[in-house]
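The values are calculated or read from the model by the stated rules, or taken from the named source; none is laboratory data. What you see is a predicted model, and the numbers here were worked out from it, not measured in a lab. Heads up, the Cβs are rebuilt from the backbone with ideal geometry, glycines too, and the neighbour counts pull from every protein chain shown. What goes into the accessible areas is simple: the full protein's heavy atoms, side chains included, and nothing from ligands, DNA or RNA. Shrake-Rupley method; radii C 1.70, N 1.55, O 1.52, S 1.80 Å.
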Amino acid sequence: MKVVRTVDEVRAELAPHRAAGAIGLVPTMGALHDGHRSLLRAARQAVDAVVVSLFVNPLQFGPHEGFSAYPRGEGADLAVCEQERADVVFAPSAEEMAMESGVTTVTVAGLSEIVEGRARPSHFQGVCTVVAKLLNIVRPDVLYLGQKDVQQNAIIARLVEDLSYGVSITVCPTVRQPDGLALSSRNAYLSSSQLTDAAVLHRALLAGRARIEQEATPEEAEREMQEILAAQQGVEPDYARAVDPHSFKAPKDEGPVLLVVAARVGGARLIDNLTAHRARG
Ligand code: AMP
């Protein structure tokens, strides 16, 4: 496994791999857990060369969203990459990736401003700008993303299509604790009792899904999820929505409904989602 720090190094390192076969990119902000491992494994099985990026992207954090407190631990991350048999780790310095904030930006309008984007203005622009840069640096054939960040995935899919990146996207299922809590680097902020409380996000989603499956309206499912979140001590709900999986607006009368929740637990803002299928459609 080769660890590279600069754009020139990653390009030089990937040249022979590019000639030999498909390159897969797993973009991460480090603090790797079993969710990230599942992406690395999916990539290892499918492509010839697996590239992992480790970069805490300052552009996607709002002013009070804890960029400097975000968990970092390169030694442990490199050990995970090695265990999962990555070929190349791109771990650039902040200077290597630096762009003057707000000058060159990439925006997927519409999708970036609703639901999670409404709660975090400019977040998705920060994501898109750095993802676009990473795609230009690595030029992968396949991009590996996790279902946990479902709105981000929809936005990146649109970015890739509209700017003709020619990369295919593989979305891997959300890896959860046995109690349903989705693994997240942000879980590191939580005490063991807060981790237990945080499992309510998944319980709310399960209840919302059951309601949709029983032909309740999206609004009824939203109310149910909201009530379950609000009833949990130590949890401050942000939103609980039932949306169309493509537009993130009101669901159509038939077809799947995407349930998305966000809540603050202790020092962490957590998100999760689940797809519900209606009996009809
Ligand atoms: P992050 O390091 O949080 O930016 O996440 C990097 C990638 O890992 C994103 O594509 C995430 O969706 C994915 N990911 C994060 N948590 C999980 C999880 N619990 N299960 C599956 N994928 C995940």
| task | Would you work out the relative contact order for segment 185-273, in percent, from Cα pairs under 8 angstrom that are 6 or more residues apart? | result | 31 percent
| remark: A 1.4 Å probe over the protein heavy atoms gives segment 160-208 a carbon and sulfur accessible-area percentage of 54 percent
| said: Could you tell me how far the Cα centroid of segment 167-201 sits from the Cα centroid of segment 128-149, in Å? | reply: 21 Å
| task | Starting from one equal scatterer on each C-alpha and no solvent at all, send me the Debye-based log10 I(q)/I(0) for segment 130-281 at q = 0.09, 0.11, 0.19 Å⁻¹, two decimals. | result | -0.32, -0.48, -1.12
| message | Once you keep just the Cα pairs under 8 angstrom separated by 6 or more residues, what percentage relative contact order results for the chain? | response | 17 percent
| said: In Å², and per residue, what accessible area does segment 11-111 have when probed at 1.4 Å with the other protein chains present? | reply: 47 Å²
| remark: Binned at 5 Å from zero, the C-alpha pair distances of the chain give percents of 1, 6, 12, 15, 18, 17, 13, 9, 5, 2, 1, 0
| note | Bounding extents of segment 185-273 in its principal axis frame from Cα atoms, largest first in Å, are 41, 23, 15
| Most mobile of Asp162, Asp34, Asp244 per a Gaussian network model of the chain (Cα springs, under 10 Å)? | Asp162
| Sparse-neighbourhood loop sites, GluC sites (Glu not before Pro) in segment 204-281 - DSSP loop, at most 14 other Cβ within 10 angstrom | Glu215, Glu254
| Net dipole in debye of segment 185-273 [+1 Lys, Arg Cβ; -1 Asp, Glu Cβ; about Cα centre; nearest 20] | 400 debye
| segment 101-162, relative contact order in percent, only Cα pairs under 8 angstrom and at least six apart counted | 36 percent
| message | Suppose we take every Cα in segment 96-202 and form the convex hull; what volume per residue is that in Å³? | response | 129 Å³
| Charge sum, other residues only, whose C-beta stays under 9 Å from His277's C-beta, Lys/Arg counted +1 and Asp/Glu -1 | +1
| said: Quick check: Cα centre of segment 40-103 to Cα centre of segment 225-281, how many Å? | reply: 28 Å
| said: Principal axis extents for segment 44-136, Cα atoms only, whole Å, descending order, please. | reply: 38, 30, 25
| Per the helix-only calculation at 222 nm, which mean residue ellipticity applies to the chain, given -39500 (n - 2.57) for every DSSP H run of n ≥ 4 and division by its residues, nearest 500 deg cm²/dmol? | -11500 deg cm²/dmol
| query | Rounded to the nearest whole Å², what accessible area per residue is found for segment 185-273 with the 1.4 Å probe? | reply | 46 Å²
| Mean Cβ count within 10 Å, highest first, over the residues of peptides 94-102, 24-32 | 24-32, 94-102
